1. Would you list the P(r) distribution for chain B, with all Cα-Cα distances sorted into 5 Å bins from 0 and each bin expressed as a whole %?
2. Give the aspartates and glutamates whose C-alpha is closer than 19 Å to that of residue A:63, dropping any in the same chain fewer than 8 places away, or say none.
3. Could you name the aspartates and glutamates whose alpha carbon sits less than 16 Å from that of residue B:52, not counting residues in the same chain fewer than 8 places away?
4. Per 5 Å bin from zero, what fraction in whole % of the C-alpha pairs of the stretch A:1-130 is there, up to the bin with the longest pair?
5. How about residue B:21: which lysines have a C-alpha closer than 20 Å to its C-alpha, ignoring those fewer than 8 places off in the same chain?
6. Quick one: among A:99, A:22, A:35, which has the greatest mean-square fluctuation in a GNM of chain A with alpha-carbon springs under 10 angstrom?
7. Please list, in chain and number order, the residues 5+ apart from residue A:81 or on another chain whose amide H is under 5 Å from its amide H, with Hs placed from the backbone.
8. Across chain A, where is the longest run that never hits trypsin sites (Lys or Arg not before Pro) in a DSSP loop with at most 13 other C-beta atoms within 10 Å?
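Bear in mind that the values in this text are calculations on the coordinates, not laboratory data. Computed from a predicted structure; not experimentally measured. Ideal geometry is used to build each Cβ from the backbone, glycine not excepted, and the neighbour counts take in all protein chains shown.
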Amino acid sequence: MIRYNWSKEISESFGSIMRPVAEIHIKDKNKIWRAVTMYVDSGADVSIIKRSFGELFGHKIKKGKKIRLKGIGSEIAAYIHKMDLLIGKHEIPLDVAIADTDNIPNLLGRKTLFDLFEIRFKNLKKQTHFSKTA
Amino acid sequence: MVPQQKRKHSDFNWLNKNMHKLQNSYAGKVIAVVNKTVSAGKTALEAYNKSKKLFPFQEPLMSAVPSKDCLLL
């Protein structure tokens, strides 16, 4: 099982707040594993990274399949790319959307990932646990 | 095993404990962290390149410092 401690952050409205984050490695276009932090978001359909992260990883962003992402508020464009992610010791291929903006957080969403791992938000421990499914 | 995984995991845990302090200086910026040393930029590439100048042989942990606005996840 992989355990990630939550991140202690500040919200102007609510003061100190704990948010679930994970340490993920993403293989870039030169086959180098890049370490990134991403929020674990069970409400997001798909995983998404900022535009400048996609560029750093060597992706030609607009070559991916264009999608539109809607949250609460405005809509943004993003492009789906196939990436290899390393979560703990588990390497998994995943569709990741690269946003056309940096004005979004990096998110781990449900698509594929939540089928491959049992993900538990241990809110009292302020940890997120990932267990690989069989 | 990914190179420098222990160090990056240690930086990850340090970051989680200290993100609220980093928000005072780096809110809205991308950061690259090596051995608790933060390099910041407007983009991932800018932060990464600054970190590589300081630590040419270390692969940084890349992150983004949130603003203090409410975040809906």
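1. 3, 18, 27, 24, 18, 7, 3, 0
2. Once the sequence-local aspartates and glutamates are set aside, what remains near residue A:63 is A:28, A:55, A:84, A:95, A:100, A:102.
3. Correct list for residue B:52: B:11.
4. It works out to 2, 10, 20, 23, 20, 15, 8, 2, 0, in whole percents.
5. A:8, A:126, B:8, B:29, B:36, B:42, B:68
6. A:35
7. A:96, A:97, A:98
8. Longest stretch, sites excluded: A:90-124.
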